[in-house]
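Heads up, the thing below is written out as structure tokens.
The values are calculated or read from the model by the stated rules, or taken from the named source; none is laboratory data. Predicted model, so just to flag it, every value in this text is computed and none were measured. All Cβ positions, even for glycine, are placed from backbone atoms using ideal geometry, and neighbour counts span all protein chains on display. Calculation scope for accessible area: heavy atoms of the full protein, side chains included, ligands and nucleic acids excluded. Shrake-Rupley method; radii C 1.70, N 1.55, O 1.52, S 1.80 Å.
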Amino acid sequence: MSVLRLVGRPLLASMFVSGGLNSLRSPEKVAPAAEPVVGPIKERVPLLPERTEQAVRLSGAVQVVGGLMLATGRMPRLAALAIAGTLVPTTLAGHRFWEADDPGQRAQQRIHFLKNLSMLGGLLIAADDTGSAPSLLWRGRHGARDLSREAHLVRRTARATARPAAAAGALRAKVR
């Protein structure tokens, strides 16, 4: 693993572990802000808990577990995707800068909104990072190409050995 991954993954994950723990411990603090986003999502995804506090706790748990997995390098691509899935509604619920009346508050919320977008970008990059190992798609393509090449060599070898064997068989038949 490269030094950049070794350092970068825990740094990226730290915000989610911290924020997720806060959501797990005190969901009632963020539930009122989350309600406008959680409500429409619950209508489309029936598996989500009915109470907003429970949905906030679930999101926090995903962030903590995903953050720890990302930080330790355990299934980091899946962890990054899971965290990214929680970051979108969290950002939409927590940083609604377009609704702020005070210009100072609007600027602060816009900064946090853009910060979360940049973290989402980092998570998407982490989700695509194969850790210098070839992806399954690459391995499949190259395996198929190698198999095709070997089949071609076997065919050429069979033809090359079949001609002399056929000639020897014909000669043997004449000699008898």
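The table below lists the values:
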{"quantity": "Nearest-ten-degree value, helix 103-128 long axis tilted from longest Cα axis of the chain", "calculated": "20 degrees"}
{"quantity": "19 Å Cα-Cα reach of residue 42 towards lysines, excluding residues that sit fewer than 8 places from it in its own chain", "calculated": "none"}
{"quantity": "Peptides 87-93, 72-78 ordered by average Cβ neighbours within 10 Å, highest first", "calculated": "87-93, 72-78"}
{"quantity": "Potential lengthening between residue 96 and residue 110 on full extension [0.36 nm per residue; Cα-Cα distance subtracted]", "calculated": "4.3 nm"}
{"quantity": "Summed residue charge, Cβ within 13 Å of residue 149's Cβ, Lys/Arg positive, Asp/Glu negative", "calculated": "+2"}
{"quantity": "Rounded to the nearest 20 debye, dipole of the stretch 1-147 from Cβ charges on Lys, Arg, Asp, Glu", "calculated": "500 debye"}
{"quantity": "Long-range tail of P(r) for the stretch 73-176 (Cα pairs > 20 Å, %)", "calculated": "67 percent"}
{"quantity": "The chain: angle of helix 136-175 to the longest principal axis, Cα-based, in degrees nearest 10", "calculated": "10 degrees"}
{"quantity": "Solvent-accessible area per residue, Å², over the stretch 1-129 with all protein chains present [probe radius 1.4 Å]", "calculated": "59 Å²"}
{"quantity": "Helix 52-72 axis, angle to the chain major axis (alpha carbon atoms, nearest 10°)", "calculated": "50 degrees"}
{"quantity": "Highest to lowest packing among 154-165, 56-67, 22-33, scored as the average C-beta count within 10 Å", "calculated": "56-67, 22-33, 154-165"}
{"quantity": "Value of [θ]222 nm, deg cm²/dmol, for the chain, DSSP H segments ≥ 4, -39500 (n - 2.57) each, nearest 500", "calculated": "-29500 deg cm²/dmol"}
{"quantity": "Among 131, 157, 118 the positive-end extreme of the charge dipole of the chain (Cβ point charges)", "calculated": "157"}
{"quantity": "Cα-centred dipole magnitude for the stretch 62-176, charges only on beta-carbon of K, R (+1) and D, E (-1), debye, nearest 20", "calculated": "1640 debye"}
{"quantity": "Portion, in percent, of the accessible area of the stretch 22-91 that falls on carbon or sulfur, probe 1.4 Å", "calculated": "63 percent"}
{"quantity": "Projected-area mean, the chain, by convex hull of Cα positions, square nanometres", "calculated": "17.6 nm²"}
{"quantity": "Most to least accessible of 16, 113 (protein chains only, probe 1.4 Å)", "calculated": "113, 16"}
{"quantity": "For the stretch 81-137, convex hull volume per residue from C-alpha positions, Å³", "calculated": "72 Å³"}
